[in-house]
Amino acid sequence: MESRHPAPRIHELPSLLVDQIAAGEIIERPSSVVKELVENALDAGARRVDIEIEAGGKRLIRVRDDGQGIGEEDLPRSVARHATSKIRELDELEHIASLGFRGEALPSIASVSRLRIASREAGAEHGWRLDVDNGEATEPVPAPHPEGTTLEVRDLFHRTPARRKFLRTERTEYRHVQELVRRLAMSHPGVAISLSHNGRTALQLPVAREREGWERRLAELTGREFVAQSLFLETEAAGLRLWGWLGLPTASRGQADLQYVYLNGRMIRDRLIAHALRRAYADLLYKDRHPAYVLYLEIDPARVDVNVHPTKHEVRFRDGRLVYDFLLRQVHHALEHAGGAEAAEPVSPELDPPSPSNPAPAAAGGYAAGAPRPPQQGRMALPVAEARALYGDGGEGDRAGAPALGEGKGPADGPAERAGPAGEGHSPASVRPREAGGEVPPLGFALAQLQGVYILAENDDGLILVDMHAAHERIVYERLKDQVAAQGVASQPLLVPVRVPVTPRQGDLAEERAEVFARLGLELDRAGPDVIHVRRVPALLQGADPARLARDVLADLQAEGRSARVEEALNHVLATMGCHGAVRANRRLGIDEMNALLRQMERTRNIGQCNHGRPTWTRLTMQDLDRLFMRGQ
């Protein structure tokens, strides 16, 4: 007689299969194993971690530490699923300060390899050893071992040949391990770390207890050039602390291969943080170059959720807007004054990121920290024709409207400057201002002009070389941005409103963020559930496609919660205007004019780069010059 009840289709998976599925989430390749084992060692308070691998980690991964060790009773629990010493209660899940906490790493690793754990607790008479093979753990047995723990992972994926086939060559897997160890070493300078491959030492990093030692470690891990061409940042506001090294824009890279961000000591890859940093550098990089940085962000663990991804690389902030604005403002502010401009106080995070209508405070030409913003209702009527009048027509014949080079007394286009060498006809005090005594400014005093293109100046360190067109280009550009920021973005009505089909959510955003659009000179009017009308556009962008501009901005807001399309487009127009308004090459300048330009450079934000990201000046110290001429060798 047939059963009236069909066989059940839902059944529990075997524990070994469960472990292998979990391993598939967190164990991708040998470097994933190294990450889990080293993070466990760091959580155990290790002050030294030694990593040995063979065959790129396919044959052997051994991690030895001097941490607190594991006792006999805890050894079997360490390879049990969801068993951990990091958290005990639900509340602790919202205040995670350790690198690991799920209790899945060791059982997942053991399910796809042969695992051996040997450990000795501090003060114990001897150590203990436990082996796991085919998912079965042996009983702990006594074993000699120093205080700390050693984990050996052999024959990775030997039980899952299909996954082993997906591993790359030994060299490729080793490169992944190297990069992983490099990232971990940068986040824990107080831990000595070594790495060897096939018996050969690849890294030997001693403990770094002060900033100089940390910089030496960074130089070894990232290259001396990065440390030499970076600035140190340390700032704190609104319960957030940020510090680390920002690569100068002139030291940008062809690919995004030197970008490291750590959150409370945890290495992360976060879209929000990456976008904020990209925005901070956006106005300073040449073409498709990428910035370099090593940054450390500290925040109350209760304000961030690290339990959103099995690998723990991704996080979710309770207040992402605050974190975004804090990063953008602090990094933008630091870079503004990296090229010689006078320093200003750090700024506090605010709701809106720096933009033409809401700039970050600056030492000169901007707003001091805590100063009130200019009222937005009094917008400047700045159509293109009037804006061009700010700097003249860009030719040599009309300089009356151009922003002056400075407060020098020499004529801007006098016959003396065109007829003879720079400085001819000026007093000795103008030619050699150093003889008058007093403090030498950062960019020094002008000596001469070279081929009508470069200014040669002398300061206490040696020789300063300035590309006068590039430098003046940045000065004019920053002035134009300040003028637009102080008086608002002028908008221009369209003769016929442009109808733009959108999604219902984008239509909602057009209504919800109407004030943001208005501040940028863009007026959007909702005409239906999935239709908007563009009625006004920024006057400086009168040639842009209104429909495309609106769609792009709304798409950014929907995906990222913010948009920089309008700001970037406005900045592009202002940069072009600044380029045309800058002093041209082959124009002769007097000594007073050159010194005036140097002083303006020292008061201008972002002066290290022109509007296109090229360097505006460089320095040759006396040591550099001595090496060139082999003096003292």
Given a Förster distance of 41 Å, the FRET efficiency implied by the Cβ-Cβ spacing of K165 and Q229, rounded to the nearest 0.05, works out to 0.45
In debye to the nearest 20, the charge dipole size for segment 223-336, taken about the Cα centre with +1 at each Lys and Arg Cβ and -1 at each Asp and Glu Cβ, equals 280
Checked segment 488-530 with the C-alpha gyration tensor, a ≥ b ≥ c its square-rooted eigenvalues, rounded below a/c of 1.5, otherwise prolate if a/b is larger than b/c and oblate if not; verdict oblate
Checked against the positive end of the charge dipole of segment 116-261 (+1 on Cβ of Lys and Arg, -1 on Cβ of Asp and Glu, about the Cα centre), the farthest of V153, V177, V207 is V177
Toy charge model, Lys and Arg Cβ at +1, Asp and Glu Cβ at -1: segment 490-578 dipole around Cα centroid in debye, rounded to 20, equals 180
Short to long, in 10 Å steps from zero, the percent of alpha-carbon pairs of segment 476-585 per bin is 14, 45, 28, 10, 3, 0
Segment 136-235, Kirkwood Rh and Cα Rg, ratio Rg/Rh at 1.08
Assertion target for S15, S187, S252, S78, ordered by fewest C-beta neighbours within 10 angstrom first, is S15, S187, S252, S78
Semi-axes (Å, rounded, descending) of the ellipsoid equivalent to segment 223-336 per its C-alpha gyration tensor are 23, 15, 13
If each K or R counts +1 and each D or E counts -1, the residues other than N571 whose Cβ falls under 12 Å of its Cβ total -1
Going fewest to most other Cβ atoms within 10 Å around each Cβ, M630, M186, M468, M622 line up as M630, M622, M186, M468
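Throughout, read-outs are computed from the coordinates displayed, never taken from laboratory work. Since the structure is predicted, the reported quantities are computational estimates derived from the model, not experimental observations. Neighbour counts are summed over all protein chains in view; Cβ atoms, including those assigned to glycine, are modelled from backbone coordinates with ideal geometry.
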